[in-house]
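The values are calculated or read from the model by the stated rules, or taken from the named source; none is laboratory data. This is a predicted model, so every value here is computed, not measured. We place every Cβ from the backbone using ideal geometry, glycine too, and count neighbours over all the protein chains shown. Just the protein is used for accessible areas: all its heavy atoms, side chains included, with ligands, DNA and RNA removed. Shrake-Rupley method; radii C 1.70, N 1.55, O 1.52, S 1.80 Å.
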Amino acid sequence: MIRRIPILIMFLIIFQNASAQSAFYTSSSKKAIKLYEKALTCFNTIDPISGKGNLKCAQELLEKVFAKDSLFGEAYSLAAKINIERGDINQAIKFKQKMMRVSPVVSLIEYYFLAGMQMGVGDYKNCLKNATHYKSSPLADARFLVNIDRMINNCVFALNAIENPVDFVPFNLGEGVNTSMPEYFPSLTADDSTLLFTRRINDKRAPFGGKQEEIFVSKKQFDLWGSSELISKKINTEFNEGAPTFSTDGQYIIFVGCETGAKGDYEYGDNRKGFGSCDLFYSQNIGGDWSKPINLGRPINTKHWETQPSFSSDGKSLYFVRGLTYDRQRRNPDDQDIFVTKITENGTWSTPERLPTNINTPHREESVQIHPDGKTLYFASNGHSGMGGLDIYMSRKGDDGKWGDPQNLGYPLNSYMDENSILISSNGELGYFSSNREGGYGSLDLYGFKLDKKHKPLPVTFIKGKVYDAEDLTPLPALFQLTNLSSGKILSELRANSGNGEFLITLPSKNDLAFHAEYVGYNLVSKNFSVDQLKITNEGYVLDIPMNKIQPGTFVLENIFFEVNKWDLKSNSIIELDKVYKMLTLNKEINIEISGHTDNVGDSKSNILLSENRAKAVVNWLVEKGVDSSRMSFKGFGETHPIVDNSSAENRAKNRRTELTIK
C-alpha cells in the first residue's frame, strides 16, 4: 500500500489558495494580521527545486499569530494548507476544524474541503457527514457535485467493507527480494519459480537526481526467494527500466523504458530509440542470455506514456496502461486507461483498443494483470466504488467475450491509501503487492498474501517440456502449438527456447488437447491427449517432444475426422490440416502421399472407395490452400492394412485413420 496525498486533496490546496484571499479577516488584531500576511507570503513563495513554499517560515510566523489571536480563522486555514503540503492530513484536519469552530461564518465550500481530507485519511463517517451536508445545501456549487457524489459513494462502500472484511494476512517476501530501497511491480513465471520486479536504486550515473529504476530477478529456493540479481546488463542501463512482464515460459520479457530527453529527442539509453515519454521494449532469453532489447514499435508505442505491460499466457494478447502526455512529460494521472493489443495472423500487433467503460473510468486505471487463465483481469483504479484511493479490482470475461463489472477485492487489502502493483499467482492461491507498511526492510517492499476465495481466478495447470532431436537429443527451437480439441481454440503458441529447447505453458482447464510441433527439416509431431495422461512431477506435468528428421516414412494424422461413412471433413480436422500445410510450406522439397484406411465393418469395396475419397478430400483441402498438386498423391486401402486386429471397438477406431507418407 502506498501512502500518497490524494489527487482530490491536491486540488483542494490549489482551489483554496485561489479562493481564500480576502482583505477582510476574522481577527481585529493588527499585529496578528501583519504576521499572518507575512506567513502567507512565505507560503506562496515557491521554491523552484522543491515546488513548495517556505513552510518552515510560514509555520513559525503562524505560531506567533496564534499567540496574538487564538481565534484567527484564516490563520488556522493557512495552517491546514501547510500540513497538507507536508503530507500530515490528520493535523490539517484539526486545523480546518478549528477554523470552522472559531469563524463566525463558515463558507459552505469548507465542508467540501474537510470531507475531501477526511476521505484521504479513511475517516469515512465524518467524510460522509460533511459531504452529505454540502450536497443537501441549495448553495452547493454544481461544479463540485460530481466529486461529492464520488465521496459519498465511496464512504458508503468503505463503511460496509469494513463491516465485512476479507481474510488478509500479508507476509514480507524476505531479504532475498526486499531492501531499504523501494521494490514494486512484480511478475512471475507460470510455475511461480522466478520473480521479476522493479527496484529504485542509487546510481551516480543516473542523469536525474542520482536515482534510477532497474529490473531484478529472484528464483525460489525451498519455498524461499533467493538473493535477487540484476536481470541483465543488456536490459538495465543507467536510465529507467521497470514494470516487467514475463511470457508464460519466462523466455521473453516486455518492460518499460523511459526517455532521457537529454538531446531534445527521444533517447532511452544504450542507443535505444522510441516514440514517446515511456515505451515498451522486449527481450528474449536465448540459452540463458538475454538479447538486446527491441522497441515493440507502433501501433503499441506512441508519443504518450506506455507502461505496466501484462502478457497473456497464450502469447496472443498484451495488456498495458497508456497515459496521455502533454509537452512530452506533463500528464494528468486521470488521463490513464488500460489497453489491449493482439497478435494478428501476419504476426504483427493490432491497433491497441481501450478496454470497455465498465473497466476504464474517467479517472485513473493502472497496474494491470491478465491472469494465466485468460479470463480474469486484475487492476488498480480510483474510479470505481472503493475505499478512496487506488483500490485493487478483478473482472471476469464471460463466454460472450465481454468483461464483467469489476469487483473490489475488499478491506483490509484495500484501504484509504493507494494500492497497486498487484500480481496473482498462476494457481490463484497467492497474491503479491507492494507496500510501505511498518515492519518491512524500508520504503516499499514486496509482500504476499493468501487470496480470498471469491476473488480467485479460474483453475489453471501448467505443462513443462522439451523439444529435441530424437536421435542425438539436440534441443530444437521448434514452434509449439497447443489446441483445445473440442473448441478448436489455440490455447498456446510459442517457440521452444533456442538454447535448450524447453517450454512452459499454462492451461485454463483439463480438456482434451491436441499438440503440434514443427521445425524446418523435421517431421511434424501431432498428437491428441488429456492432461491426466501426462507424467506429473514436483514441477508439474511433463510433456517432452522428440522430433525426427524428415525422411521417407509414414505416420498417422491423429486429428483428422470425418462424418460416419462419409468423406466430408469435420471442422475439428482443420487444426491438423493446417499443420500439414505448414510442414509443406516449411519444407518445399518434399512430396507426400495421403492414404485412407478403414476398419472391417461393411463391404470391402465400399471401404476402399470410402478411404480413397477421404484421402482425396485431404489433398483437395491442401490444394485449395495453395500447395502444388504435383507434390501430392492419394490412395485408399480400405480395411487391407490394419495396424491392430479388429476384435474390439477400440481397435477398430485405431484402424480408421488417415496417414501421411513422405516419399
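In a reduced charge model with +1 at each Lys and Arg Cβ and -1 at each Asp and Glu Cβ, the chain shows a dipole moment near 1960 debye about its Cα centre. Rounded to 0.05, the FRET efficiency of the ALA142 and ILE490 pair, given R0 = 51 Å and the Cβ-Cβ distance, is 0.45. Computed over the chain, the per-residue total of -39500 (n - 2.57) for DSSP H runs of n ≥ 4 gives a 222 nm mean residue ellipticity of -7500 deg cm²/dmol, rounded to 500. Segment SER193..LYS34, full-extension length gain: 50.7 nm, with 0.36 nm per residue of separation and the alpha-carbon distance subtracted.
Each residue, GLU589 and ASP399, gets one label point 7 Å from its Cα in the Cβ direction; the gap between the two is 5.0 nm. Each of HIS371, HIS363, HIS641 has its accessible area taken with a 1.4 Å probe; listed largest first, they run HIS641, HIS363, HIS371. For the chain, the antiparallel share of DSSP beta bridges with both residues in that region comes to about 90%. One Cα centroid belongs to the range 488-514, the other to the range 96-116; the line between them spans 62 Å.
FRET efficiency for the ILE162 to LYS625 pair, using the beta carbon distance and R₀ = 51 Å, is estimated at 0.25.
Cysteine residues of the chain whose Cβ has no partner cysteine Cβ closer than 4.7 Å: CYS127, CYS155. Here the gap between VAL169 and PHE529, fully extended at 0.36 nm per residue and compared with their Cα-Cα distance, gives a gain of 125.6 nm. Radius of gyration over Kirkwood radius for the chain, both on Cα atoms: the Rg/Rh ratio is 1.11. Computed from point charges on the beta carbon alone (+1 for Lys and Arg, -1 for Asp and Glu), the dipole magnitude for the range 65-113 about its Cα centre is near 120 Debye. One quarter of the convex hull surface built on the alpha carbon atoms of the range 136-236 amounts to 12.3 nm², the projected area averaged over directions. Label reach from ASP289 (point 7 Å along Cα→C-beta): in the range 227-260, amide nitrogens under 15 Å belong to 232-235.
If the chain linking ASN202 and SER227 were pulled fully straight, counting 0.36 nm for each residue of separation and taking away their Cα-Cα distance, it would gain 7.1 nm. Each of SER187, GLY274, ILE148 was placed along the dipole of the range 146-276 (beta-carbon charges, centred on the mean Cα), and the one lying farthest toward the positive end is GLY274. Selection among PHE320, LEU473, SER228 by position relative to the dipole of the chain gives PHE320 as farthest towards the positive end (Cβ unit charges, Cα centre). Debye-formula intensities of the range 555-663, expressed as log10 I(q)/I(0) at q = 0.17 Å⁻¹, are -0.75 (one equal scatterer per alpha-carbon, no solvent). Using a Förster distance of 51 angstrom, determine the FRET efficiency expected from the C-beta separation of HIS641 and LYS450, and round it to 0.05. Result of the calculation: an efficiency of 0.30.
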